[in-house]
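Visitor: Here's a structure for you.
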Amino acid sequence: KSNIGHAQAAAGVGGVIKMVQAMRHEVLPATLHVDSPSPHVDWSAGAVSLLTAAREWREVGRPRRAAVSSFGVSGTNAHVILEAGDDDVVERGSGVVPARSAAVSSFGGLGTNARVSSEAAGAPELSDLPETIGVGTRSPQGARQSGSIPFVVTAKSAKALRARVDQVREVVQRQPAEDVAFSLVTTRALLDHRAVLVGADEVEGVADVEGEVCFVFPGQGGQWPGMANDLIAQEPAFADRMRECAEALEPHTGWDLFQAVNDAQALQQVDKVQPVLWAVMVSLAHLYQERGVRPKAVVGHSQGEIAAAVVAQALDIADGARIVALRSKLIAQKLRNKGGMIVVRELPKETALSIAAINGPTSFVLSGEREALDQIEGKRLPVDYASHSQQVEELREDLLKALEEITPNKAEIPFFSTVDEKWLDTTELNAEYWYRN
């Protein structure tokens, strides 16, 4: 942060980049813009000190290592350990390209030290791949270091980028994919137009890239007061769709959408925040489409599926508003103050809680009664109800009755269901589906 300010979602990777550069240049840089160390840290209690001047960081008979942590107010808690790789010293013209890299313990071994001889390892003809760059490594023995191979292809324009992708496809048919990726990363410039290709095998790695757009709609949690004000004021397409959503919601809610957007207290209530988020997502997708961004598919998580279904035209705005308003109202009426939710890095072996969401290999959301939540270590979400848990069964009869009149249509845009984990015939988006959601 002292170098580049707060980079938001990229704040953690900024620290990784800084430490990799420190290893590469063998210098620990000073922390900028600091007059005195923070008084909230007991600097006398250990061997840690704040760097107020650059310090040499050379090899001293053991690998250089660094730890990088990233903490966020929303619960981010990430930590990686970097270790400097051995530098292969070679003469110019030897045909061997050294890799100066750091081994990143948490990122799947993509930083494995490697070198490729253009004669012994069969490196690709780089003239076939002008102005591209790839990422990947191959050990001196030729063994793959990862289950998938990422390539980063770059060019000066979007049209040229597609041509570069086609060139990579062609070259990888006759050259080892690891060699193609490694040779690209060590010899090519990083240009403005970029595409990342990742595949499970040498050919598939660049075989199926079409670069199409998918709209992904999140669940609850990303709201903040006034989140749509600038778009309402500056983008007529967004504002018009928000007004349509407001009209569709009003018969079921009795409150004004535009006031709720700016009400911090309202955005803490499930029966207000979910309809507000739904309206913002639907309106933002409409704005993108008005600007020419057309999705080839849609997918949503939790209540995000309601917005996804509207954007796919599987539901009209009236039915989407009915679902999000009445379902969230039932949650508020029947589940409020009965439970909660917690984010954990791994699933407990035994618990009375339900698995509400699997966000990734090390991010799970558990849901259930407060007594069971108190026995689990993790990040409690600021909710007083247990969505996606057994408690939701209490809503079934009322919800099915409230939504019995909705009429789902055949979608104009393919809809991937995160409930059934498959491409869905959207005529199946009936009341029973939204209960299971």
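Visitor: Which of the following residues is assigned to a loop (DSSP other than H, G, I, E, B), within 28 Å of R294 (Cβ to Cβ) and modelled with pLDDT under 85: G205, G211? Reasoning before the result, please.
Guide: Working: G205 fails: assigned to a loop (DSSP other than H, G, I, E, B).
G211 is the lone residue from the list that is assigned to a loop (DSSP other than H, G, I, E, B), within 28 Å of R294 (Cβ to Cβ) and modelled with pLDDT under 85.
Visitor: Of all residues being aliphatic (A, V, I, L, M) and outside any loop (DSSP other than H, G, I, E, B) in the stretch 24-53, which is nearest to the chain's Cα centre (by Cα)? Just the residue, please. Steps first, please.
Guide: Kept after step one, since they are aliphatic (A, V, I, L, M), are these residues of the stretch 24-53: 27-28, 30, 32, 34, 41, 45, 47-48, 50-51, 53.
This time we only want the ones that are outside any loop (DSSP other than H, G, I, E, B), so: 27-28, 45.
Details: V27: 32, L28: 30, A45: 38 Å.
Per the criteria, the residue is L28.
Visitor: Next question. Take the conditions within 24 Å of P408 (Cα to Cα), in contact (Cβ under 8 Å) with a residue 40 or more places away in the chain, in contact with a strand residue (DSSP E or B) (Cβ under 6 Å, 6 or more places away or on another chain) and buried (at least 17 other Cβ atoms within 10 Å of the Cβ) and apply them to A321. Does it pass?
Guide: So A321 fails the test.
Visitor: Scan the stretch 324-343 and tell me whether some residue there is hydrophobic (A, V, I, L, M, F, W, C), outside any helix (DSSP H, G or I) and out of contact with any helix residue (DSSP H, G or I) (no Cβ under 9 Å at 6 or more places or on another chain).
Guide: In the first step, residues of the stretch 324-343 are kept if they are hydrophobic (A, V, I, L, M, F, W, C); the result is 324-326, 330-332, 335, 341-343.
After this cut, where a residue has to be outside any helix (DSSP H, G or I) as well, the list is 335, 341-343.
Going one step further and asking which of them are out of contact with any helix residue (DSSP H, G or I) (no Cβ under 9 Å at 6 or more places or on another chain), we end up with 343.
Looking for residues that are hydrophobic (A, V, I, L, M, F, W, C), outside any helix (DSSP H, G or I) and out of contact with any helix residue (DSSP H, G or I) (no Cβ under 9 Å at 6 or more places or on another chain), one finds at least one in the stretch 324-343, hence yes.
Visitor: For the stretch 428-437, enumerate the residues that are out of contact with any Lys or Arg (no Cβ under 6 Å at 6 or more places or on another chain) and part of a helix (DSSP H, G or I).
Guide: Of everything in the stretch 428-437, those that are out of contact with any Lys or Arg (no Cβ under 6 Å at 6 or more places or on another chain) and part of a helix (DSSP H, G or I) turn out to be E428, A431, E432, Y433, W434, R436.
Visitor: Give the stretch 234-254 a look and list any residue that's in contact with a helix residue (DSSP H, G or I) (Cβ under 7 Å, 6 or more places away or on another chain) and part of a helix (DSSP H, G or I), or say none.
Guide: A237, F238, A239, R241, M242, E244, C245, A246, A248, L249, H252, T253
Visitor: Within the set of pairs 6 or more residues apart or between chains, which connect a residue that is surrounded by 10 or more Cβ atoms within 10 Å (Cβ to Cβ) inside the stretch 38-52 to a residue that is in a loop (DSSP other than H, G, I, E, B) and among the small types (G, A, S) with Cβ atoms less than 8 Å apart?
Guide: Pairs found: W43/S49; L51/A30; T52/A30.
Visitor: Hey, another quick one. Within the stretch 282-297, which residues are within 11 Å of F238 (Cα to Cα) and under 21 Å from the mean Cα position of the chain (by Cα)?
Guide: Across the stretch 282-297, the qualifying residues are V282, L284, A285, Y288.
Visitor: Another question about this same structure. Considering only residues that are under 14 Å from G85 (Cα atoms) and surrounded by fewer than 10 Cβ atoms within 10 Å (Cβ to Cβ), which ones fall in the stretch 53-67?
Guide: Result: R58, V60, G61, R62.
Visitor: Among the numbered conditions (1) in contact with a strand residue (DSSP E or B) (Cβ under 9 Å, 6 or more places away or on another chain); (2) in the same structural domain as D319 (by TED's automatic domain parsing), tell me where A386 comes up short.
Guide: Here A386 meets the rest and fails (2).
Visitor: Please enumerate the residues belonging to the stretch 282-301 that are over 21 Å from K410 (Cα atoms) and among the aliphatic types (A, V, I, L, M).
Guide: Listed by number, the residues that qualify are L284, L287, V293.
Visitor: Need the failing condition index for D398 against (1) under 22 Å from E305 (Cβ atoms); (2) buried (at least 19 other Cβ atoms within 10 Å of the Cβ), just the number.
Guide: That leaves (2) as the condition not met.
The values are calculated or read from the model by the stated rules, or taken from the named source; none is laboratory data. Everything numeric in this text was worked out from a predicted model, so none of it was measured. Cβ atoms come from the backbone with ideal geometry, glycine included; neighbour counts cover every protein chain shown.
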